[in-house]
Each structure stands twice: as C-alpha cells, then as structure tokens.
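Okay, so here's the structure we're looking at.
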Amino acid sequence: MSKSDKESRTLQRRRLRAGRLLLRGMAQAEVARKVGVSRTTVSVWNERLEAGGLVALKRRARGRPSGLDVQQKAELVRLLKEGALAHGFATELWTLRRVGQLIEEKLGRRYSESQVWRILVGLGFSSQRPTGRALERDEAAISRWKRERWPALKKTLENKAE
C-alpha cells in the first residue's frame with residue numbers, strides 16, 4: 001500500500017469517527033478537538049453527513065473516472081499483451097503515448113498521458129525500464145576492446161607526452 005493510500009485511509013477513519021461523534025450529538029467544536037481538525041472542517045463534514053449519512057464521509061475516488069467499462073479494460077489488457085509490434089509500432093516498447101494511441105484507435109477514447117498512466121496503474125501495470133542493451137551485443141568483443149584498445153586511447157600522463 002502506498003503512502004498516499006495509507007494517509008487517505010487515515011483521513012477516512014478520522015472523518016468517520018467525527019461523523020459518529022456528531023451523530024451522538026457532540027458539539028462540532030468538541031468533535032474538532034477530539035479528532036484534531038478545524039471547526040470549519042467539521043462543519044463541512046457535518047453538512048455531508050446530514051446530506052448523505054456516514055457513507056457520504058467515506059473517501060471518494062480522486063480525479064475523473066476513465067470512462068472505460070470492465071469489458072474495455074479487459075480488451076486493453078489483451079491488446080497490450082499482444083505487444084507493441086503487433087499494433088504497428090517499430091519496437092516492443094510501450095510508452096504512454098503509444099498506449100494512448102492504442103486506446104484511441106481500438107476503444108475510441110482519447111486520454112492525456114497522465115490519464116493513460118492512471119488507467120494502466122489501475123489495471124496493475126507498472127513502469128518498467130528497458131535494459132538498453134542490443135540483442136546483437138558481443139560481450140567477448142567488448143571485453144577484448146576494453147582490454148586491448150581502450151588503454152591506448154585513454155588519456156594518461158604517458159599518452160600526453162607522445
């Protein structure tokens with residue numbers, strides 16, 4: 001669980017505790033002291049409580065919902081697992097821009113890169129960095145070059161005198 005999730009849960013517990021105290025008839029000023037918030041905050045919570053009960057004090061999702069239904073999300077996961085090459089991209093690397101293009105082309109929704117990121121995190125994906133090494137990399141040749149050629153090219157006091 002992330003730090004922000006823990007903080008969000010802590011704040012929700014505080015709101016619910018305040019709501020229960022308010023329902024018992026405790027004064028708003030006293031509730032504010034007991035839960036460690038301002039009177040103004042308790043007043044806002046009280047308005048929400050009166051409008052919708054304790055449920056109204058539970059945490060709400062942050063930001064706008066993605067607009068993708070369960071089937072579309074499952075389809076997106078399937079499309080991503082097919083790989084970027086299968087969808088016409090030059091490499092297998094999925095970027096936020098590429099995923100956004102895929103969503104727009106296949107699902108008909110257009111999102112900013114930050115919203116694409118939130119969708120991916122919600123689907124359980126995480127940021128991965130490619131190793132950055134070519135498949136054709138020849139480790140033996142690299143070792144040989146470092147051992148034989150690099151010392152001659154490296155700036156040293158000996159090479160400066162020449």
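The alpha-carbon of LYS6 sits under 16 angstrom from the alpha-carbons of these lysines, leaving out residues fewer than 8 places away in its chain: LYS58.
The ranking of ILE119, ILE142 by Cβ neighbour count inside 10 Å, starting from the fewest, reads ILE142, ILE119.
Note on the chain: dipole from Cβ charges, positive end direction compared against ASN46, LEU22, LEU102; the farthest Cα belongs to LEU22. Taking Cα centre as origin and charging only the Cβ of basic (Lys, Arg, +1) and acidic (Asp, Glu, -1) residues, the dipole magnitude of the chain rounds to 980 debye. Under the convention that each Lys and Arg Cβ holds +1 and each Asp and Glu Cβ holds -1, the size of the dipole of the range 84-144 around its Cα centre is about 220 debye.
Each residue of the range 108-124 was assigned a 3J(HN,Hα) from its phi angle through the Karplus expression (A = 6.51, B = -1.76, C = 1.60, θ = phi - 60°), giving x, 10, 10, 10, 6, 4, 5, 6, 4, 4, 4, 4, 4, 4, x, 8, x Hz with x at Gly and Pro. Taking a ≥ b ≥ c as the square roots of the eigenvalues of the alpha-carbon gyration tensor, the range 3-57 is classed oblate because a/c is 1.5 or more while a/b is no larger than b/c. Residues ARG129, ARG17, ranked from the fewest to the most other C-beta atoms within 10 Å, line up as ARG129, ARG17. On a per residue basis, the convex hull of the C-alpha atoms belonging to the chain measures out at 247 Å³.
Cross-link partners for LYS154 among the lysines, with Cα-Cα distance under 30 Å and sequence neighbours closer than 8 places in the same chain left out: LYS146.
Based on C-alpha pairs under 8 angstrom that are at least 6 apart in sequence, the range 66-162 has a relative contact order of 18 percent. Simple rule: put +1 on each Lys or Arg Cβ and -1 on each Asp or Glu Cβ in the chain, find the dipole, and look at PHE89, VAL121, VAL31; the Cα lying farthest toward the positive end is VAL31. Distance from the Cα centre of the range 89-117 to that of the range 1-46, in angstrom? Answer, in whole Å: 40.
Throughout, read-outs are computed from the coordinates displayed, never taken from laboratory work. Keep in mind it's a predicted model, so treat the numbers as computed, not measured. Please note: Cβ atoms are built from the backbone with ideal geometry, for glycine as well, and neighbour counts cover all protein chains shown.
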